[in-house]
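Written below as structure tokens is the structure these notes are about.
The values are calculated or read from the model by the stated rules, or taken from the named source; none is laboratory data. Since this is a predicted model, take the numbers as computed values, not measurements. All Cβ positions, even for glycine, are placed from backbone atoms using ideal geometry, and neighbour counts span all protein chains on display. All accessible areas refer to the heavy atoms of the entire protein, side chains included, with ligands and DNA or RNA removed. Shrake-Rupley method; radii C 1.70, N 1.55, O 1.52, S 1.80 Å.
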Amino acid sequence: MEKSIIFSGFGGQGALFAGQLLTYAALDAGKHVTWIPSYGPEMRGGTAHCTVVVGDEPIGSPLVRNPDMVVAMNLPSADKYEPIVKENGLLVVNGSLVKRPIHRYDIDAIVIPANDIAQDYGNIRLANVVMLGALLAATELLPLEVVEQALEDHLPERHKRLLPANKAALHEGAQFARTMLPTEDGFRARAEKK
Amino acid sequence: MAKELWKGNEALAEAALRAGAEAYFGYPITPQTELLEHMSRRMPKLGLTFLQAESELASINMVYGAATVGARAMTSSSSPGISLMQEGLSYIAASEVPAVVVDIMRGGPGLGNIQPSQGDYFQMVKTAGHGDYHAIVLAPSTIQEAIDLIYDSFELAFKYRTIVTILADGSLGQMMEPVEMPEFKEWPEERPGWALTGAKGREPHTISSLYLGAENLEKLNLRLQKKLAEIKANEVRYETLMTDDAEFLIVAFGTVGRIAQSAVRQARENGVKVGLFRPITLWPFAEEELMAMTRRVRGVLVAEMNAGQMFEDVKAIAQGRIPVQFTGRMGGTIPLPDDILPALDTLIDSVRSRNGNKPEPTRAREVSA
């Protein structure tokens with residue numbers, strides 16, 4: 001098994017941290033994993049992304065042209081990455097900021113109002129963890145508990161007071177994805193209807 | 001020891017400390033600045049010397065100065081900064097003092113950009129400064145390998161009184177991977193016999209790169225060449241993947257070396273018998289080992305993040321016996337398996353059409369040759 005995931009969003013939305021969290025969890029689960037950020041002369045408010053590759057074998061290329069999964073936290077990210085998700089791959093979109101329908105029918109899509117859910121837990125900055133929860137529920141990447149543990153172990157010290165809220169947000173994201181979880185129509189039909 | 005997640009630049013810095021680095025002199029430049037930052041956080045606490053110099057010229061000459069007293073000194077930079085260090089590197093080489101230099105390459109020429117590149121191959125592998133010498137050039141393809149190589153670097157530098165370069169690119173500097181960090185190395189208190197340690201009670205040592213008079217300078221050059229031959233005989237490192245039954249060979253180093261692993265696996269799934277040859281020491285280059293392999297395969301593809309710099313070395317080694325082709329990306333673009341695989345197909349096609357109606361000419365001819 002080797003899966004590639006791109007996390008993308010506005011700078012400050014926590015796309016890079018969501019990717020790191022998955023990377024820590026993969027490490028704790030004994031997987032091979034790489035995390036590589038977009039780096040460059042980035043602009044405040046510009047889009048930042050990272051690529052995570054998780055596998056059972058040592059990772060060759062840490063970058064991919066067509067990722068298996070994309071977590072798009074804002075509209076520019078959805079516009080940029082929807083076209084390149086691998087066929088039958090998965091697109092998780094922040095429905096709070098992406099108001100357009102999903103165009104592709106050959107991929108699964110979860111449209112999750114991540115900002116709104118995060119807001120319910122008192123902090124819009126939890127949106128990244130909400131979306132990670134949704135991603136994990138919809139795939140067999142890693143068990144939710146491993147990521148929960150990674151949160152406990154690797155949430156920066158200054159954010160430790162937010163741990164309960166982070167965990168709750170992770171579960172809420174997962175729960176939302178499960179309510180969309182497929183019957184034989186899969187997520188695809190869901191995306192089509194939206 | 002449990003695996004930890006480290007960023008490439010910081011891992012290189014920490015591993016250098018554990019390898020015994022005592023003095024670091026540097027100047028910030030993306031995409032290697034985290035290396036300098038890690039040193040600035042760690043070295044004062046460890047009672048070691050960290051100094052942010054006013055320029056790359058200053059940093060390399062500070063390394064030179066520290067090295068003359070037998071200190072384990074190092075610097076790090078990225079391509080344009082390394083260009084500025086060329087004079088100092090040449091002085092260090094001529095003075096035969098040990099030094100470790102990390103080059104986290106970025107897109108060029110010129111100021112270029114801060115994206116990853118392998119455009120410093122010529123600059124670092126061919127000499128790193130004017131004159132007849134080579135640094136030992138180590139090219140890691142994973143963060144663990146970067147740690148392992150820099151962990152050996154001071155020993156190599158002191159053993160041969162030479163410059164050891166870690167040649168990596170921005171993506172390796174910026175990415176994170178699970179790694180195991182080694183323990184701190186023990187070094188003897190005593191400085192090497194050649195070091196400038198104060199001449200009380202003995203004849204003074206002289207360390208200089210100025211040799212007036214042709215005879216003297218030729219003597220130095222002959223000594224350097226002898227040393228290079230010794231390094232060549234002892235220090236070649238490389239890795240191969242699926243080469244046993246390979247009909248085709250990809251040659252790639254560093255980040256492209258690991259990306260090519262993915263390409264090889266994908267091509268194998270499609271039934272193409274291809275293997276990977278990944279030089280780890282770019283100087284000394286695994287010439288004999290690669291030459292032996294080029295006698296067994298039908299074509300070679302060189303993949304790099306530049307316009308084809310190592311390509312020239314591979315062509316020289318293959319000596320025109322088989323087709324050697326190149327694929328690469330420049331300007332900070334990383335070649336992916338999707339770039340390498342079509343180039344491999346082109347190679348296979350050209351080998352087949354070259355062999356035309358002859359049933360199995362390439363192998364037969366080479367075996368009898």
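Numbers below:
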| quantity | calculated |
| --- | --- |
| Loop-located GluC sites (Glu not before Pro) in segment B:221-253 whose Cβ has at most 10 other Cβ within 10 Å (DSSP) | none |
| Net dipole in debye of segment B:273-337 [+1 Lys, Arg Cβ; -1 Asp, Glu Cβ; about Cα centre; nearest 20] | 360 |
| Global size of the protein assembly as shown as Cα Rg and Dmax, reported in angstrom | 26.0, 90 |
| Accessible-area ranking of B:TYR151, A:TYR105, A:TYR81, largest first, probe 1.4 Å | A:TYR105, B:TYR151, A:TYR81 |
| Nonlocal amide H pairs with B:ASP169, under 5 Å, H built at 1.01 Å | B:MET105, B:THR255 |
| Charge tally in the Cβ shell below 14 Å around B:ASN306, where Lys, Arg are +1 and Asp, Glu are -1, B:ASN306 excluded | -4 |
| DSSP H segments from chain A that extend 18 Å or more along their own axis, Cα-based, with Kyte-Doolittle mean of -0.5 or above | A:15-28, A:163-179 |
| Counting DSSP beta bridges with both ends in the protein assembly as shown, the antiparallel % (nearest 5) | 35 |
| Using alpha-carbon coordinates, inclination of helix B:143-160 to the longest axis of chain B, degrees | 60 |
| Percent carbon-and-sulfur accessible area, the protein assembly as shown, ignoring ligands, DNA and RNA, probe 1.4 Å | 51 |
| Using alpha-carbon coordinates, inclination of helix B:337-355 to the longest axis of chain B, degrees | 50 |
| Intensity falloff of segment A:1-112 expressed as log10 I(q)/I(0), Debye formula with alpha-carbon point scatterers, at q = 0.17, 0.19 Å⁻¹ | -0.78, -0.96 |
| Nearest 10 degrees, 0 to 90: helix B:254-269 Cα axis against chain B principal axis | 20 |
| Accessible area buried between chains B and A, both sides summed, probe 1.4 Å, in Å² to nearest 100 | 1900 |
| Using θ = phi - 60° and Karplus 6.51 cos²θ - 1.76 cosθ + 1.60, couplings along segment B:93-98 (whole Hz; Gly, Pro as x) | 5, 5, 7, 6, 10, x |
| Equivalent ellipsoid semi-axes, chain B, via Cα gyration tensor eigenvalues times 5, rooted, Å | 38, 24, 17 |
| B:SER55/A:TYR105 FRET efficiency (R0 60 Å; Cβ-Cβ; nearest 0.05) | 0.55 |
| Trypsin sites (Lys or Arg not before Pro) within segment A:1-110, DSSP loop, no more than 16 other Cβ atoms inside 10 Å | A:ARG44, A:ARG65, A:LYS99, A:ARG104 |
| Cβ-based net charge around A:GLU2, under 11 Å, with every Lys or Arg adding one and every Asp or Glu removing one | 0 |
| Overall dimensions of segment A:2-193 as given by Cα atoms, namely Rg and Dmax in Å | 15.2, 45 |
| Listed residues B:LEU210, B:LEU241 arranged by accessible area, highest first, probe 1.4 Å | B:LEU210, B:LEU241 |
| GluC sites (Glu not before Pro) restricted to segment B:179-215 and DSSP loop, no more than 16 other C-beta within 10 Å | B:GLU180, B:GLU183, B:GLU186, B:GLU189, B:GLU190 |
| Radius 11 Å from Cβ of A:LEU75, net charge of other residues (Lys, Arg +1; Asp, Glu -1) | +1 |
| Heavy atoms of B:ARG265: accessible area, 1.4 Å probe, square angstrom to 10 | 80 |
| For residues of B:170-177, the mean tally of beta carbons on other chains within 10 Å | 6 |
| Charge dipole magnitude, Cβ of K and R +1, D and E -1 - the protein assembly as shown, Cα centre, debye nearest 20 | 640 |
| Tensor-based shape of segment B:232-332 (alpha-carbon gyration tensor, a/c under 1.5 rounded, otherwise prolate or oblate) | rounded |
| Accessible area of B:TYR64 in the full protein assembly, 1.4 Å probe (Å², nearest 10) | 40 |
| Pairs from B:LYS126/B:LYS227; A:LYS80/B:LYS7; A:LYS3/A:LYS31; A:LYS31/B:LYS7; B:LYS159/B:LYS219 whose Cα-Cα separation, in the structure shown, is over 22 Å | A:LYS80/B:LYS7 |
| For A:54-66, mean number of other protein chain Cβ atoms within 10 Å | 6 |
| Where GluC sites (Glu not before Pro) in DSSP loops with at most 12 other Cβ within 10 Å are excluded, longest remaining stretch of chain A | A:88-139 |
